[in-house]
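Novice: Attaching a single structure in structure tokens format; questions to follow.
Where a number appears in this text, it was derived from the coordinates with a stated rule and is not lab data. The model shown is predicted, which means the values in this text are computed figures rather than measured ones. Because the Cβ atoms are built from the backbone with ideal geometry, glycine has one as well, and the counts that use them run over all protein chains shown.
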Amino acid sequence: MNLLIIRILIFAVLFYAGLKLFSMYRQWKHERLTQQQQDQQHDGGHMVRCRWCEVHLPEEEALREAEQWFCSSAHRDRFLQEQQHDNDAEQ
Ligand SMILES: [Zn+2]
């Protein structure tokens with residue numbers, strides 16, 4: 001009985017370590033990818049920053065609205081919604 005518990009414990013630890021390593025690997029891969037993308041973008045045209053998530057992207061891929069840049073229509077809409085909320089609060 002004790003042996004079974006020890007086996008289960010060892011298995012659980014191994015499983016946890018495997019998951020941890022896998023997520024670390026994914027994180028590392030993701031960071032490398034974004035780093036590469038940033039390096040590529042540095043060679044390109046003018047960079048702008050999304051007003052909502054502060055991500056940098058080339059000007060030709062960005063959306064412009066109310067003197068602000070956005071990476072996507074979703075972020076533009078969310079920013080405009082937030083502004084609307086602020087206006088409502090003030091009035
Ligand atoms: Zn964004």
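Novice: Per DSSP H run of at least 4 residues, take -39500 (n - 2.57); add these up for the chain, divide by its residues and hand me the 222 nm value, nearest 500 deg cm²/dmol.
Specialist: On the way: 2 runs with 60 residues, N = 91.
Theoretical 222 nm ellipticity from helices: -24000 deg cm²/dmol.
Novice: Please name whichever of T34, Q84, N2 sits farthest to the positive end of the charge dipole of the chain, dipole taken about the Cα centre and charges placed at Cβ: Lys and Arg +1, Asp and Glu -1.
Specialist: N2
Novice: Oh, and also: About the Cα centre of the chain, how large is the charge dipole given +1 on each Lys and Arg Cβ and -1 on each Asp and Glu Cβ? Please answer in debye to the nearest 20. Please list the in-between numbers first.
Specialist: On the way: 10 positive and 14 negative charges, 208 e Å.
For this selection, approximately 1000 debye.
Novice: Within the range 55-85, name every residue whose backbone N is under 12 Å away from a label modeled 7 Å from Cα of D39 along the Cβ vector.
Specialist: none
Novice: Using amide H atoms built in the peptide plane, which far-off residues or other-chain residues are under 5 Å from V55 H to H?
Specialist: C50
Novice: If you don't mind, there's one more thing I want to ask. Just rank E59, E65, fewest to most, by other beta-carbon atoms within 10 angstrom. Don't skip to the end; give the middle numbers.
Specialist: Details: E59 12, E65 15.
Going from least to most buried by this count: E59, E65.
Novice: Could you work out the equivalent-ellipsoid semi-axes for the chain, taking the square root of 5 times each eigenvalue of the Cα gyration tensor, largest first, in whole Å? Can you show the working numbers first?
Specialist: Values: eigenvalues 410, 104, 9 Å².
The three semi-axes for the chain are 45, 23, 7 Å.
Novice: Shifting gears a bit: Taking every pair of alpha-carbon atoms in the range 46-91, give the share separated by more than 13 Å as a whole percent. Each step should come with its number before you reach the end.
Specialist: Working: 528 of 1035 pairs.
Tail of the P(r) past 13 Å holds 51 percent of the pairs.
Novice: Quick check: pseudo-label points 7 Å beyond the Cα along Cα→Cβ at S72 and A89, how many nm apart are they?
Specialist: Each label point lies 7 Å from its Cα, and together they span 2.5 nm.
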